[in-house]
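The values are calculated or read from the model by the stated rules, or taken from the named source; none is laboratory data. Fair warning: this is a prediction, and the values are worked out from it, not measured in the lab. Neighbour counts run over all protein chains shown; Cβ positions are idealised from the backbone, glycine included. Note: areas computed on protein heavy atoms with side chains; ligands, DNA, RNA excluded. Shrake-Rupley method; radii C 1.70, N 1.55, O 1.52, S 1.80 Å.
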Amino acid sequence: MNDHAREVELAAEVSHADLTRPNIARMYDYILGGSANFEVDRAAADQALELVPTERDYSYINRSFLGRAVRYLVTEAGIDQFLDLGSGVPTVGNVHEIARAHCPQAKVAYVDWEPIACHHARHLLGEDPLVSVTELDVCNAEEVLRSPGVAGLLDLAKPVAVLAFGILDLVPGADGAALVKRYRDACVAGSALAVSNNAQMSRTDAEVAALRSLLAGTSTPHLHIRTAAEVAELFPGYALVDPGVVPAAHWRPDVPVSDEEAARGNVLGGVGILRS
C-alpha cells in the first residue's frame, strides 16, 4: 500500500483527527523513523530539520533519556506504575516495554490528545490488561485522573511515576508547575516525576524564532523553552535524583557523552521522588 492509500485508510479509521495541520507527535514519529504520520507532518518535519538540523538530535536524545529514566524508576526507585502524559505515537522502546524488561507486572497508562497517536497505540497494545491508552488533553488533569484508563488501571494509593517528556513545553501557558502540581497532589509519597523540556543550548536565537514560527502553523503552536533553573522549579515537593536537572544526554548515560553532543540535543531532563 502506498503512502497516499495508507493515509486515506487511516483518515477513515480516525475520522475525528485533524489532518489539515501538522502535529508535533506525528512529526516526532517521522523523525524517529515511524509510520504514523502524514504528508503534512513529513513536510513540516523536513522543514524543521532544514531550519534547525539539531532537531534530529533532540528527538533521539529525548527518547534515550526516557528509556534510562524509566529503567531507573523501576530498578532503583522500585516503582511499577507509570502515567505517561503526552505519550505520542508508539515507537521502539515504549515505556511498558522498558519497564517490563525489569518488572513484568508493571502497569502503564498512556495519555495523549492526538487521535492518530492513540489509534496506533491501541493497535500495538491489543488487549494487554496492564496497559491503557486514554485520548484526553493532559491539561485536564482531573479528567485524566478519573478516566477509566487511568483510575481503572493505576492504584493511586501506591507510588506512581508521572512522565512528562516534551509535553510541558508545548501546553498553553507558561506555568507548567501549576499543571504538575495537579498531578502531584493525586500521588502518594514515594511517587516520581520525570520531565524533559526544550532548552536553548546550541540553537541560535534565529533558529529558535524560525522553529516557533513553524510550530505556530501546527496543531501544537506553543514552545516554552526553559533554563535548568526553570525546569527545577517544576519539582516542588520532590527530591531531585542525582545528577539533578541537566542536559538530558548527561542524565545517567550508559556511555560517556561529550558536552558538545549533549548540547546538540537542546533538551534538559530531571527526575524527582515525592517527599512525604
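General remarks:
- From phi via Karplus (6.51, -1.76, 1.60), per-residue ³J(HN,Hα) for the range 69-82 in Hz, x at Gly/Pro: 5, 5, 4, 4, 4, 7, 7, 10, 8, x, 9, 10, 10, 9
- Computed on the chain, with alpha-carbon pairs under 8 angstrom and 6+ residues apart, the relative contact order is 20 percent.
- Within a Gaussian network of the chain (alpha carbon springs, distance under 10 Å), most fluctuating of A206, A45, A77: A206
- Ordering H16, A178, G34 by Cα displacement along the dipole of the chain toward the positive end leaves A178 in first place; charges were set at the Cβ atoms of Lys, Arg (+1) and Asp, Glu (-1).
- Across the range 207-216, rounded Karplus estimates of 3J(HN,Hα) from the backbone phi angles (6.51 cos²θ - 1.76 cosθ + 1.60, θ = phi - 60°) give 5, 5, 4, 5, 5, 4, 4, 5, 5, 4 Hz, Gly and Pro being marked x.
- Residue among G149, G244, G126 with the largest mean-square fluctuation in a Gaussian network model of the chain, springs linking Cα atoms under 10 Å: G126
- Probe 1.4 Å - accessible area at W251, Å² to nearest ten: 0 Å²
- Considering only G173, G67, G190, the Gaussian network model of the chain with Cα springs below 10 Å gives its largest mean-square fluctuation to G173.
- Stretch gain in nm, segment E39-E97, where the contour uses 0.36 nm per residue and the Cα spacing is subtracted: 18.0 nm
- Note on the range 81-187: antiparallel DSSP beta bridges, both residues inside, total approximately 0 percent of the bridges counted.
- Cα-only Debye scattering, the range 159-276: base-10 log of I(q)/I(0) at q = 0.14 Å⁻¹: -0.61
- Distance between the C-alpha centres of the range 207-257 and the range 149-178: 16 Å, rounded to the whole angstrom.
- Measuring nothing but alpha carbons in the range 54-274 and taking Rh as the Kirkwood radius, the Rg to Rh ratio lands at 0.94.
- Summary of packing: across the peptides 98-107, 150-159, the per-residue average of other C-beta atoms within 10 Å ranks them, highest first, as 98-107, 150-159.
- Expected 222 nm ellipticity per residue - DSSP helices of 4 or more, -39500 (n - 2.57), all of the chain, to 500: -11500 deg cm²/dmol
- I61 accessible area, assembled protein chains, probe 1.4 Å, Å²: 20 Å²
- Residues whose amide H falls under 5 Å from that of T54, counting only those 5 or more places apart or on a different chain, are absent, with hydrogens built in the peptide plane.
- DSSP-assigned coil residues among GluC sites (Glu not before Pro) in the range 62-162, each with at most 15 further Cβ atoms within 10 Å: E76, E127
- Karplus 3J(HN,Hα) series, Hz, for the range 45-51 with 6.51 cos²θ - 1.76 cosθ + 1.60 (x for Gly, Pro): 5, 4, 5, 4, 5, 6, 6
- Dipole magnitude for the range 54-274: computed about the Cα centre from +1 point charges on Lys and Arg Cβ and -1 point charges on Asp and Glu Cβ, it is near 240 debye.
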